[in-house]
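**Student:** Got a structure here, written out as structure tokens. Questions coming.
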Amino acid sequence: MYKLLDEAVDTALELKPLVANATHCEIIIAPVFTALKTEADRLEGSNIQVSAQNCSRYSEHSANTGEVCADMIKDVGANHIIVGHSERRQFYGETDASVNEKTKACLSFGLTAIVCVGESLEDREGGGAERVVKTQLMGALEGLTVSDMERIIIAYEPVWAIGTGKTATPEQAQEMHSFLRGVLKERHSSETADATRILYGGSVKPANVRDLMGQIDIDGALVGGASLDAKTFSEIVNYK
């Protein structure tokens, strides 16, 4: 929950030329709801796409004051939605079931869902990290098909590494990404598992992005605080 409209737009427009030549990855920014349409309009024709940070689990317009339906997000020019971010789970009562409903809502309107999973420090220190993220992943994907997976991006975000300055080592991140890909293989197939992008999120910054991206099962980054500054974010995008 950062940046008023003018600030958000200025940051996006500052970012635009800094990443204009980046062809090795997709670039997606996720501003607050109030900036979605303006940023989508101003970035039209560029290589920067726009995502919402959340959506309603309801896929029909209804009497749910304060909620935003996925098709309303699509209507203003966004094509991705982040679903089940750790802060939503931790502070706003998100459950595996509601994440599943929101994921289905995204897909029902042709949007791509960026589905977040991740364990707490307590889970990791207690030896339950894999069990927790598998439960979250399986719950989020309940009832989804192989074709649905074409519009699913998984983001692994260890809760203990978000906004703390702590980062999972590249080896720790790779181990969990490999595990998640194995879960997808069991659920669907090797082809689906290999084709699904799994992002790492947790204090990603220019100083560590190269080592993280060098891991075989890390396909990209879900960038938090470092994305608020256009120059810093561009250095992450252009890490090569």
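Each value in this text was obtained by applying a stated rule to the coordinates, not by laboratory testing. Predicted model, so just to flag it, every value in this text is computed and none were measured. Here the Cβ is made from the backbone with ideal geometry for all residues, glycine too, and neighbour counts use every protein chain on show.
**Student:** Between region 216-239 and region 1-66, how many Å separate their Cα centres?
**Tutor:** The distance from the Cα centre of region 216-239 to that of region 1-66 comes to 15 Å.
**Student:** Okay, moving on. Among the listed pairs Lys37/Lys205; Lys37/Lys104; Lys134/Lys205; Lys102/Lys231; Lys3/Lys74, which are separated by more than 30 Å between their Cα atoms?
**Tutor:** Lys102/Lys231
**Student:** Follow-up question, since we're still on this one. Starting from the Cα-Cα distance between Arg210 and Asp75, subtract it from 0.36 nm times their residue separation and give me the gain in nm to one decimal.
**Tutor:** So the extension gain works out to 45.0 nm.
**Student:** What order, most packed first, do the peptides 231-238, 113-120 have when packing is the mean number of other Cβ atoms within 10 Å of each residue?
**Tutor:** Highest mean packing first, the order is 113-120, 231-238.
**Student:** Please give the charge dipole size of region 39-175, origin at the Cα centre, charges +1 on K and R Cβ atoms and -1 on D and E Cβ atoms. Round to the nearest 20 debye.
**Tutor:** 40
**Student:** Lys/Arg Cβ at +1, Asp/Glu Cβ at -1, dipole of region 69-195 taken about the Cα centre: which of Ile153, Ala113, Gly77 is farthest positive-ward?
**Tutor:** Farthest towards the positive pole: Gly77.
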